[in-house]
Amino acid sequence: MRQQLIVEDEPAIAELIAVNLRHNGFRPTWAMDSTSAQRELDDVLPAVILLDWMLPGESGLTLAKRWRAHPRTKAVPIIMLTARGDESDRVTGLDAGADDYIAKPFSTKELLARMRAVLRRRAPEQVASAVSVGALSLDASTYRVTFAGQPLKLGPTEFKLLTYLMSHAERVHSRGQLLDKVWGDHVFIEERTVDVHVKRLREALGPQAGPMIETVRGAGYRLTAQSTPPAAARASV
Ligand code: CA
(Lines give C-alpha, C1' and ligand atoms only; values in the text may rest on other atoms or scores of the structure.)
Protein backbone atom coordinates (compact mmCIF):
# COMPACT_ATOMS: atom_id res chain seq x y z
CA MET A 1 0.00 0.00 0.00
CA ARG A 2 1.27 3.45 -0.91
CA GLN A 3 1.61 6.07 1.78
CA GLN A 4 -1.16 8.27 3.14
CA LEU A 5 -0.83 12.03 3.11
CA ILE A 6 -2.13 14.00 6.10
CA VAL A 7 -2.56 17.71 5.36
CA GLU A 8 -3.18 19.39 8.70
CA ASP A 9 -1.74 22.55 10.25
CA GLU A 10 -2.38 21.56 13.86
CA PRO A 11 0.52 19.31 14.95
CA ALA A 12 -1.45 17.69 17.80
CA ILE A 13 -4.19 16.51 15.43
CA ALA A 14 -1.74 15.43 12.72
CA GLU A 15 0.25 13.48 15.30
CA LEU A 16 -2.87 11.79 16.68
CA ILE A 17 -3.90 10.67 13.19
CA ALA A 18 -0.36 9.61 12.23
CA VAL A 19 0.09 7.51 15.38
CA ASN A 20 -3.21 5.74 14.82
CA LEU A 21 -2.50 5.12 11.15
CA ARG A 22 0.95 3.71 11.91
CA HIS A 23 -0.54 1.55 14.63
CA ASN A 24 -2.87 0.09 11.99
CA GLY A 25 -0.15 -0.73 9.50
CA PHE A 26 -0.34 2.43 7.39
CA ARG A 27 2.59 4.66 6.44
CA PRO A 28 1.44 8.25 6.80
CA THR A 29 3.33 11.39 5.80
CA TRP A 30 2.42 14.84 7.04
CA ALA A 31 2.27 18.24 5.38
CA MET A 32 1.30 21.29 7.44
CA ASP A 33 0.31 23.68 4.68
CA SER A 34 -0.75 23.78 1.04
CA THR A 35 2.75 24.41 -0.30
CA SER A 36 4.34 21.43 1.40
CA ALA A 37 1.28 19.31 0.59
CA GLN A 38 1.71 20.11 -3.10
CA ARG A 39 5.43 19.31 -2.84
CA GLU A 40 4.68 15.94 -1.22
CA LEU A 41 2.15 15.17 -3.93
CA ASP A 42 4.55 16.11 -6.73
CA ASP A 43 7.07 13.77 -5.16
CA VAL A 44 4.95 10.69 -4.38
CA LEU A 45 1.33 9.98 -5.24
CA PRO A 46 -0.34 8.84 -1.98
CA ALA A 47 -3.01 6.13 -1.64
CA VAL A 48 -5.32 8.56 0.13
CA ILE A 49 -5.26 12.19 1.28
CA LEU A 50 -6.66 13.28 4.65
CA LEU A 51 -7.21 16.96 4.04
CA ASP A 52 -7.96 19.64 6.62
CA TRP A 53 -10.27 22.37 5.35
CA MET A 54 -8.84 25.37 7.24
CA LEU A 55 -5.16 25.69 6.35
CA PRO A 56 -2.79 28.66 6.25
CA GLY A 57 -2.45 29.86 2.68
CA GLU A 58 -4.67 27.96 0.29
CA SER A 59 -7.61 26.18 1.90
CA GLY A 60 -8.22 22.45 1.77
CA LEU A 61 -11.21 23.18 -0.43
CA THR A 62 -9.03 24.92 -3.02
CA LEU A 63 -6.53 22.04 -2.91
CA ALA A 64 -9.27 19.41 -3.32
CA LYS A 65 -10.64 21.22 -6.39
CA ARG A 66 -7.21 21.56 -7.96
CA TRP A 67 -6.19 17.94 -7.32
CA ARG A 68 -9.49 16.68 -8.70
CA ALA A 69 -8.98 18.70 -11.88
CA HIS A 70 -5.44 17.45 -12.45
CA PRO A 71 -5.09 14.18 -14.42
CA ARG A 72 -2.28 12.88 -12.23
CA THR A 73 -4.07 13.37 -8.91
CA LYS A 74 -7.74 13.14 -9.88
CA ALA A 75 -8.15 9.49 -8.82
CA VAL A 76 -6.52 9.86 -5.38
CA PRO A 77 -9.22 9.56 -2.71
CA ILE A 78 -9.64 12.62 -0.52
CA ILE A 79 -11.25 12.69 2.93
CA MET A 80 -11.90 16.22 4.22
CA LEU A 81 -11.28 16.78 7.93
CA THR A 82 -12.84 19.83 9.41
CA ALA A 83 -14.49 21.52 12.34
CA ARG A 84 -17.06 22.90 9.91
CA GLY A 85 -19.84 20.36 10.23
CA ASP A 86 -22.82 22.22 8.80
CA GLU A 87 -24.74 20.53 6.05
CA SER A 88 -23.92 23.31 3.58
CA ASP A 89 -20.19 22.90 4.39
CA ARG A 90 -20.37 19.15 3.89
CA VAL A 91 -22.05 19.66 0.55
CA THR A 92 -19.42 22.22 -0.47
CA GLY A 93 -16.64 19.82 0.53
CA LEU A 94 -18.11 16.92 -1.39
CA ASP A 95 -18.81 19.14 -4.40
CA ALA A 96 -15.16 20.19 -4.39
CA GLY A 97 -14.27 16.57 -5.05
CA ALA A 98 -13.82 15.06 -1.60
CA ASP A 99 -14.79 11.36 -1.41
CA ASP A 100 -15.86 11.65 2.17
CA TYR A 101 -16.11 14.17 4.94
CA ILE A 102 -15.48 13.85 8.65
CA ALA A 103 -16.20 16.57 11.20
CA LYS A 104 -13.85 17.37 14.09
CA PRO A 105 -13.70 16.17 16.74
CA PHE A 106 -13.81 12.68 15.26
CA SER A 107 -12.96 9.24 16.59
CA THR A 108 -9.84 7.78 15.02
CA LYS A 109 -11.72 4.47 14.72
CA GLU A 110 -14.29 6.15 12.52
CA LEU A 111 -11.59 7.87 10.50
CA LEU A 112 -9.85 4.52 9.87
CA ALA A 113 -13.14 2.88 8.89
CA ARG A 114 -13.91 5.69 6.45
CA MET A 115 -10.40 5.50 5.04
CA ARG A 116 -10.73 1.78 4.40
CA ALA A 117 -14.14 2.28 2.80
CA VAL A 118 -12.81 5.00 0.51
CA LEU A 119 -9.81 2.85 -0.46
CA ARG A 120 -12.08 -0.09 -1.25
CA ARG A 121 -14.36 2.05 -3.39
CA ARG A 122 -11.78 4.09 -5.23
CA ALA A 123 -8.84 1.73 -5.61
CA PRO A 124 -9.81 -1.94 -5.35
CA GLU A 125 -6.36 -3.01 -6.58
CA GLN A 126 -4.77 -1.56 -3.43
CA VAL A 127 -6.74 -3.80 -1.10
CA ALA A 128 -5.04 -7.04 -0.20
CA SER A 129 -6.92 -10.12 -1.29
CA ALA A 130 -6.52 -13.55 -2.83
CA VAL A 131 -7.12 -14.02 -6.53
CA SER A 132 -6.81 -16.96 -8.94
CA VAL A 133 -6.55 -17.04 -12.72
CA GLY A 134 -6.34 -20.52 -14.22
CA ALA A 135 -3.80 -22.49 -12.17
CA LEU A 136 -2.14 -19.29 -10.99
CA SER A 137 -3.00 -18.09 -7.47
CA LEU A 138 -1.89 -15.03 -5.58
CA ASP A 139 -2.53 -14.08 -1.98
CA ALA A 140 -1.53 -10.48 -1.34
CA SER A 141 -2.04 -10.77 2.43
CA THR A 142 0.49 -13.59 2.78
CA TYR A 143 2.57 -12.41 -0.20
CA ARG A 144 2.44 -15.83 -1.88
CA VAL A 145 2.13 -16.83 -5.51
CA THR A 146 1.63 -20.42 -6.65
CA PHE A 147 1.14 -22.13 -9.99
CA ALA A 148 -0.65 -25.49 -9.81
CA GLY A 149 0.12 -25.44 -6.09
CA GLN A 150 3.86 -24.87 -6.58
CA PRO A 151 5.23 -21.71 -4.90
CA LEU A 152 6.91 -19.10 -7.13
CA LYS A 153 9.41 -16.43 -6.09
CA LEU A 154 8.74 -12.87 -7.25
CA GLY A 155 10.45 -9.53 -6.61
CA PRO A 156 8.33 -6.76 -5.01
CA THR A 157 7.62 -4.89 -8.26
CA GLU A 158 6.80 -8.10 -10.13
CA PHE A 159 4.48 -9.04 -7.28
CA LYS A 160 2.64 -5.72 -7.54
CA LEU A 161 2.45 -5.99 -11.30
CA LEU A 162 1.07 -9.52 -11.12
CA THR A 163 -1.43 -8.50 -8.44
CA TYR A 164 -2.79 -5.83 -10.74
CA LEU A 165 -2.83 -8.01 -13.85
CA MET A 166 -4.56 -10.86 -12.01
CA SER A 167 -7.17 -8.55 -10.49
CA HIS A 168 -7.92 -7.29 -14.01
CA ALA A 169 -7.38 -10.46 -16.02
CA GLU A 170 -8.31 -10.80 -19.70
CA ARG A 171 -8.17 -7.02 -20.15
CA VAL A 172 -5.45 -5.29 -22.16
CA HIS A 173 -3.51 -2.63 -20.25
CA SER A 174 -1.30 -0.07 -21.93
CA ARG A 175 2.14 0.63 -20.48
CA GLY A 176 0.91 4.03 -19.32
CA GLN A 177 -2.05 2.47 -17.52
CA LEU A 178 0.21 -0.06 -15.82
CA LEU A 179 2.59 2.69 -14.68
CA ASP A 180 -0.36 4.59 -13.28
CA LYS A 181 -1.94 1.63 -11.51
CA VAL A 182 1.11 -0.34 -10.40
CA TRP A 183 3.78 2.30 -9.91
CA GLY A 184 1.22 4.93 -8.98
CA ASP A 185 3.42 7.79 -10.01
CA HIS A 186 4.98 7.66 -13.43
CA VAL A 187 6.41 11.15 -13.58
CA PHE A 188 9.99 9.94 -13.38
CA ILE A 189 9.58 6.47 -14.86
CA GLU A 190 9.81 5.57 -18.52
CA GLU A 191 7.35 3.19 -20.15
CA ARG A 192 10.30 0.94 -21.00
CA THR A 193 10.45 0.12 -17.27
CA VAL A 194 7.17 -1.77 -17.68
CA ASP A 195 8.73 -4.00 -20.37
CA VAL A 196 11.68 -4.77 -18.10
CA HIS A 197 9.44 -5.84 -15.24
CA VAL A 198 7.09 -7.82 -17.49
CA LYS A 199 10.12 -9.73 -18.76
CA ARG A 200 11.28 -10.40 -15.18
CA LEU A 201 7.76 -11.42 -14.19
CA ARG A 202 7.51 -13.92 -17.07
CA GLU A 203 10.88 -15.38 -16.07
CA ALA A 204 9.78 -15.68 -12.44
CA LEU A 205 6.54 -17.36 -13.48
CA GLY A 206 8.44 -19.93 -15.48
CA PRO A 207 7.72 -21.72 -18.77
CA GLN A 208 4.20 -22.82 -17.76
CA ALA A 209 2.72 -19.66 -16.25
CA GLY A 210 4.94 -17.10 -18.04
CA PRO A 211 3.01 -17.32 -21.34
CA MET A 212 -0.18 -16.31 -19.48
CA ILE A 213 1.12 -12.76 -19.79
CA GLU A 214 0.57 -11.85 -23.40
CA THR A 215 2.00 -8.95 -25.33
CA VAL A 216 -0.75 -7.34 -27.34
CA ARG A 217 1.02 -5.63 -30.18
CA GLY A 218 0.55 -1.86 -30.21
CA ALA A 219 -1.72 -2.02 -27.16
CA GLY A 220 0.11 -3.36 -24.11
CA TYR A 221 -0.14 -6.42 -21.92
CA ARG A 222 -2.83 -8.83 -20.81
CA LEU A 223 -2.95 -11.67 -18.33
CA THR A 224 -5.13 -14.49 -19.57
CA ALA A 225 -6.13 -17.94 -18.37
CA GLN A 226 -6.21 -19.02 -22.03
CA SER A 227 -2.77 -18.32 -23.41
CA THR A 228 -2.58 -18.33 -27.21
CA PRO A 229 -1.97 -21.86 -28.51
CA PRO A 230 1.09 -22.39 -30.67
CA ALA A 231 0.51 -21.84 -34.43
CA ALA A 232 0.66 -25.57 -35.21
CA ALA A 233 -2.08 -26.39 -32.69
CA ARG A 234 -4.24 -23.57 -33.99
CA ALA A 235 -3.89 -24.76 -37.62
CA SER A 236 -5.09 -28.25 -36.73
CA VAL A 237 -8.35 -27.02 -35.13
CA1 CA B 1 -6.70 23.68 10.43
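The values are calculated or read from the model by the stated rules, or taken from the named source; none is laboratory data. Since this is a predicted model, take the numbers as computed values, not measurements. Don't worry about glycine lacking a Cβ; one is built from the backbone with ideal geometry, like all the others, and counts go over all protein chains shown.
Is it the case that some residue within the stretch 65-78 is touching a residue at least 24 places away in the same chain (Cβ under 8 Å), within 16 Å of the ligand (Cβ to nearest atom) and closer than 18 Å to ASP99 by Cα?
yes
Looking at the stretch 16-126, what helices (runs of 4 or more DSSP H) fall wholly within it and have at least 3 residues that are on the phi < 0 side of the Ramachandran plot and modelled with pLDDT of 90 or more? Give the derivation first.
On the way: elements: 34-43, 60-69, 87-95, 108-122.
Answer list for the stretch 16-126: 34-43, 60-69, 108-122.
For LEU205, are the conditions met, namely being crowded, with 17+ Cβ neighbours inside 10 Å and modelled with pLDDT of 90 or more? Show your work before the answer.
Working: crowded, with 17+ Cβ neighbours inside 10 Å: yes; modelled with pLDDT of 90 or more: yes.
Spelling it out, LEU205 is indeed crowded, with 17+ Cβ neighbours inside 10 Å and modelled with pLDDT of 90 or more.
Of all residues being within 12 Å of the ligand (Cβ to nearest atom) and surrounded by fewer than 15 Cβ atoms within 10 Å (Cβ to Cβ) in the stretch 1-46, which is nearest to SER107 (Cα to Cα)? Just the residue, please.
ALA12
Any chance the stretch 133-156 includes a residue that's within 16 Å of the chain's Cα centre (by Cα) and either in the same structural domain as ARG27 (by TED's automatic domain parsing) or within 16 Å of the ligand (Cβ to nearest atom) (or both)? Walk me through it before giving the result.
Pass one, the stretch 133-156, residues within 16 Å of the chain's Cα centre (by Cα): 140-141, 156.
Adding the requirement that they be either in the same structural domain as ARG27 (by TED's automatic domain parsing) or within 16 Å of the ligand (Cβ to nearest atom) (or both) leaves none.
Within the stretch 133-156 (the criterion being within 16 Å of the chain's Cα centre (by Cα) and either in the same structural domain as ARG27 (by TED's automatic domain parsing) or within 16 Å of the ligand (Cβ to nearest atom) (or both)), the answer is no, since none of the residues qualifies.
Within 21 Å of ALA47 (Cβ to Cβ) and buried (at least 19 other Cβ atoms within 10 Å of the Cβ): which single residue out of VAL182, VAL198, VAL145, VAL131 fits that description?
Working: VAL198 fails: within 21 Å of ALA47 (Cβ to Cβ); VAL145 fails: within 21 Å of ALA47 (Cβ to Cβ); VAL131 fails: buried (at least 19 other Cβ atoms within 10 Å of the Cβ).
Exactly one residue qualifies, and that residue is VAL182.
Would you tally the residues in the stretch 79-100 being polar (S, T, N, Q) and more than 14 Å from the ligand (Cβ to nearest atom)? Give the derivation first.
Applying the first criterion (polar (S, T, N, Q)) to the stretch 79-100 yields 82, 88, 92.
Those left that are additionally more than 14 Å from the ligand (Cβ to nearest atom): 88, 92.
Number of matching residues: 2.
Residue by residue, here is whether (1) part of a loop (DSSP other than H, G, I, E, B); (2) of a type in the set (A, V, I, L, M, F, W, C); (3) in contact with a Ser or Thr (Cβ under 8 Å, 6 or more places away or on another chain) holds:
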{"position": "LEU154", "(1), (2), (3)": "yes, yes, no"}
{"position": "LYS160", "(1), (2), (3)": "no, no, no"}
{"position": "ASP180", "(1), (2), (3)": "no, no, no"}
{"position": "GLU190", "(1), (2), (3)": "yes, no, no"}
{"position": "TYR221", "(1), (2), (3)": "no, no, yes"}
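Look at the stretch 32-54 and say how many of its residues are of a type in the set (Lys, Arg) and under 12 Å from TRP67 (Cβ atoms). Don't jump to the end; show me each part of the working.
Here is the first cut: in the stretch 32-54, the ones of a type in the set (Lys, Arg) are 39.
Now drop any that are not under 12 Å from TRP67 (Cβ atoms), which leaves none.
Result for the stretch 32-54: 0.
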